[in-house]
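As structure tokens, the structure follows; a few thoughts come after it.
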Amino acid sequence: MKTNTQNSIVTLMDELPYIEVDDQAANHYITEELIYDALNSKDFSKLNKAVVVPSEDGNNDILFENDYWTNEVLGKVRAKTVRGADFSKLSTQLKFESKIIGASFLYTTGKKAKTSSIMRKISQLIQCGKILDKANVLSYFHLDQAPIRDRFLAELKQGKKNGTVDNLLKVFTSVCKISQTKYGKLGFTLRTNMIVYSPGRTDSNQTYCMPFRMLTTLWGSFMEYFKSLELQPNELAILSKAIVESGKEWRELGLKRQTQERFEKFQQRNYRNELKNIHDNGSNIAKGMVIHRSQNEIEKLKNKVFTFAEKKTKNWNTYAEYRIDREVFFSHHQVYLSMAAHTIQSMTGMRISEIRELTHDALIIDGSDVGVRSILHKFSADEEGDEEHWAAAPFVKDIFEHALEINSAVTGLNKEELKVVPLFFNLKNYLN
């Protein structure tokens, strides 16, 4: 069961936390008030100098008056996929409208897509603008008139696949959202949602069902797995902390990398008693993450000679009596998250791609009803994604609560900090 809800607003400024915005600087960036004042007063001097895309170094900002916008200036880290929008081939009026609409996509309407995706959407809008230019139509908002709309649709569909037409028309869904802004009240908006004229898509994937008796058996196996699971948050917290602090130590010493020898020395010096306690008295899973060596084994390892680069060399001087098997530690966490993901999927009917994007606060509790909040990016969803609520089996609540405990233990983040963090992530990459 699914119901669409209104998207929350996430601006480009949220995506760039390194930008300090004070009262004086705020006027240099696009705001709803700035666009409204420009349209209302017909004075665009301030708007033209407003920053549309801030550059990483602050020296190559993209301004509203520029005819080429790109996310490349954000830098390699934030602009993994580089895209641009070229307004130069549009007529004066359509160029101006395209920029206002593009700025709205980036800053004032609901946005959950990456900046690169928004740039693609602006480029698709420009494609539509060129078709209107060819038909001597002066404004996007003239598409509310049936004769102009029919001519536009006929030209748009010519020689294009249904999926391409659907993507282009989907842009106008976001254009309609401008009606919710302050300047939308001035008439700068489109009333017709063009997506209703889409020929539809033919690349939708299939949803397969199974007999309910088989489904309940599957649910039972998942529930049995989690009820018998012996993962203890306090044990995982100790192991994770030892891994993280050993990494901090070698970085503070200015060393280029951490070797297994340094890692063992750190464990022997700082965590020997804790690891011994987990190995001797901990849960079965945690015991498997801690390796114990006898004194005889340690002496044999110390005296062992091996050949490296044609030279005979002795092994390390220090071998930990109790050491963490990091690969087993990371593997157990990955298996745990994988089981949690498949359990939620089987108890909601969600796609696995949507499961991967769930955050720790995606659980919905409404009285005795349980649900999951997700973002849909496929099919009828526009570039921003549509927020959806999925009905879930009550056991999903236990999965979320348990995952919150486990992930809090292994990351060191408290439950409040974890809320906006993805529920499923690679722990090894995170700790490294």
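Can you spot a residue in the stretch 229-239 that is acidic (Asp, Glu), at pLDDT below 85 and out of contact with any strand residue (DSSP E or B) (no Cβ under 6 Å at 6 or more places or on another chain)?
Filtering the stretch 229-239 for residues acidic (Asp, Glu) gives 230, 235.
Those left that are additionally at pLDDT below 85: 230.
Filter again for out of contact with any strand residue (DSSP E or B) (no Cβ under 6 Å at 6 or more places or on another chain), leaving 230.
Within the stretch 229-239 (the criterion being acidic (Asp, Glu), at pLDDT below 85 and out of contact with any strand residue (DSSP E or B) (no Cβ under 6 Å at 6 or more places or on another chain)), the answer is yes, since at least one residue qualifies.
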Point to revise | Meets criteria (farther than 30 Å from SER294 by Cβ and modelled with pLDDT of 85 or more) for GLU387 | key: no
Practice item. Could you identify the single residue in ILE355, ILE375, ILE365 that is open to solvent by 50 Å² or more (accessible area, probe 1.4 Å), farther than 30 Å from ILE291 by Cβ and of a type in the set (Val, Ile, Thr)? Key: ILE365
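State the number of residues belonging to the stretch 302-340 that are modelled with pLDDT under 75 and open to solvent by 100 Å² or more (accessible area, probe 1.4 Å).
From the stretch 302-340, those modelled with pLDDT under 75 are 302-319; that's our starting set.
Narrowing the set further to residues that are open to solvent by 100 Å² or more (accessible area, probe 1.4 Å) leaves 304, 308, 310-312, 314, 317.
The number of residues fulfilling the criteria is 7.
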Check your understanding: So which residues in the stretch 49-104 are under 23 Å from the mean Cα position of the chain (by Cα) and part of a loop (DSSP other than H, G, I, E, B), if there are any at all?
Key -> PRO54, SER55, GLU56, GLY75, LYS76, VAL77, ARG78, ALA79, LYS80, THR81, VAL82, ARG83
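Tell me which residues, restricted to the stretch 362-384, are β-branched (Val, Ile, Thr) and modelled with pLDDT of 90 or more. Break it down stepwise before answering.
So in the stretch 362-384, the residues β-branched (Val, Ile, Thr) come out as 364-365, 370, 372, 375.
ILE364, ILE365, VAL370, VAL372 - these are the residues of the stretch 362-384 that are β-branched (Val, Ile, Thr) and modelled with pLDDT of 90 or more.
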Review point. Looking only at the stretch 105-136, which residues are part of a loop (DSSP other than H, G, I, E, B) and in contact (Cβ under 8 Å) with a residue 24 or more places away in the chain?
Key: THR108, THR109, GLY110, LYS111, LYS112, ALA113, LYS114
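Kindly provide the set of residues from the stretch 288-298 that are surrounded by fewer than 17 Cβ atoms within 10 Å (Cβ to Cβ) and closer than 17 Å to VAL335 by Cα, ordered by number. Show your work before the answer.
At the first step, the residues of the stretch 288-298 found to be surrounded by fewer than 17 Cβ atoms within 10 Å (Cβ to Cβ) are 288, 291-298.
Selection gives GLY288 alone.
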**Study point:** In the stretch 414-432, the residues that are within 18 Å of TYR336 (Cβ to Cβ) and either of a type outside the set (S, T, N, Q) or not in a helix (DSSP H, G or I) (or both)
**Key:** LYS415, LEU418, VAL421, PRO422, LEU423, PHE424, PHE425, ASN426, LEU427, LYS428, TYR430, LEU431
Practice item. May I ask you to list pairs of residues, at least six apart or on different chains, whose Cβ atoms are under 8 Å apart, with the first in the stretch 159-176 being within 9 Å of MET194 (Cβ to Cβ) and the second being in a helix (DSSP H, G or I) and open to solvent by 10 Å² or more (accessible area, probe 1.4 Å)? Key: LEU168/GLN124; LEU168/GLN127; LEU169/ILE195; LEU169/TYR197; LYS170/ILE195; VAL171/GLN124; PHE172/ILE195; THR173/ILE195
Check your understanding: Can you pull out the residues in the stretch 135-173 that are touching a helix residue (DSSP H, G or I) at 6+ places or on another chain (Cβ under 7 Å), surrounded by fewer than 19 Cβ atoms within 10 Å (Cβ to Cβ) and among the charged types (D, E, K, R)?
Key -> ARG149, GLU155, LYS157
Review point. Of everything in the stretch 73-107 that's among the aliphatic types (A, V, I, L, M) and open to solvent by 70 Å² or more (accessible area, probe 1.4 Å), which residue is modelled with the lowest pLDDT?
Key: VAL77
Review point. Does the stretch 182-201 contain any residue that is over 27 Å from the mean Cα position of the chain (by Cα), part of a helix (DSSP H, G or I), more than 21 Å from GLU33 (Cβ to Cβ) and small (Gly, Ala, Ser)?
Key: no
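The values are calculated or read from the model by the stated rules, or taken from the named source; none is laboratory data. What you see is a predicted model, and the numbers here were worked out from it, not measured in a lab. Neighbour counts are summed over all protein chains in view; Cβ atoms, including those assigned to glycine, are modelled from backbone coordinates with ideal geometry. To get the accessible areas, we keep the full protein, side chains included, count just its heavy atoms, and leave off ligands, DNA and RNA. Shrake-Rupley method; radii C 1.70, N 1.55, O 1.52, S 1.80 Å.
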